[in-house]
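For reference, the structure is listed below as structure tokens.
Each reported figure results from applying straightforward, stated rules to the coordinates on display, with no laboratory input. Just so it is clear, the model here is predicted, and its values are computed rather than measured. Note that we place each Cβ from the backbone using ideal geometry, even for glycine, and neighbour counts take in every protein chain shown.
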Amino acid sequence: MLLFTNVLLSFFSIGFGLWYTFNVYGMANDAASGTAMWGWMAVCLGIINLLIIFVSSVSKKPLHILKLVSISLNGLIQWVPVVFWIVFDSEIVGEHGEKFVGKWLYSIPHILIIILGFVCIIQILKQRKNL
């Protein structure tokens, strides 16, 4: 179960990071440049998490601390877009006559990643306690 939720968390992080990196929301350049940097950070953390999963399965060493740090960082960066989408609900996002309107619904994928992160952390701590 831990492997499944950890891989799922990684793929969601990579997927939504790419979503922001390639400006799928269609924001103007002012807003898109900041979100693209956040997107790359989410993609990198997702890839790092997958690498940690791979190394721990090949070497048979649990690497719990690295997993916890990676998942925690991934969860921490998700709070930025959650707050952003909730604060700017029904408001124009960006500058210079931008027409993109923010919606609180855009925060749901990020909340899902945060929940998956909590589930993974709880599973890692339970597994570590049983060792």
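At a Förster radius of 25 Å, what calculated FRET efficiency corresponds to the Cβ-Cβ distance of S90 and L112, to the nearest 0.05?
Details: r = 22 Å, r/R0 = 0.88.
So the FRET efficiency works out to roughly 0.70.
Please give the contour-minus-distance gain from R128 to L8: 0.36 nm per residue of separation, less the Cα-Cα distance, rounded to one decimal in nm.
So the extension gain works out to 41.2 nm.
What's the angle, to the nearest 10 degrees (0 to 90), between helix 64-87's Cα axis and the longest principal axis of the chain?
For helix 64-87, the angle is close to 20 degrees.
Quick one, which of (i) 74, 30, 21; (ii) 57, 21, 18; (iii) 62, 31, 18 is the actual Cα extents along the principal axes in Å calculated for this model?
Recomputing Cα extents along the principal axes in Å here picks out (ii).
Starting with the highest mean, order 112-118, 13-19, 122-128 by the number of other Cβ atoms within 10 Å, averaged over the residues of each peptide.
13-19, 112-118, 122-128
Residue by residue through segment 36-44, which ³J(HN,Hα) values in whole Hz follow from phi under the Karplus form 6.51 cos²θ - 1.76 cosθ + 1.60 (θ = phi - 60°), with glycine and proline marked x?
Calculated HN-Hα couplings, in order: 5, 5, 4, x, 5, 5, 5, 4, 4 Hz.
Reachable lysines from K60, Cα under 26 Å, same-chain residues fewer than 8 places away excluded?
Correct list for K60: K126, K129.
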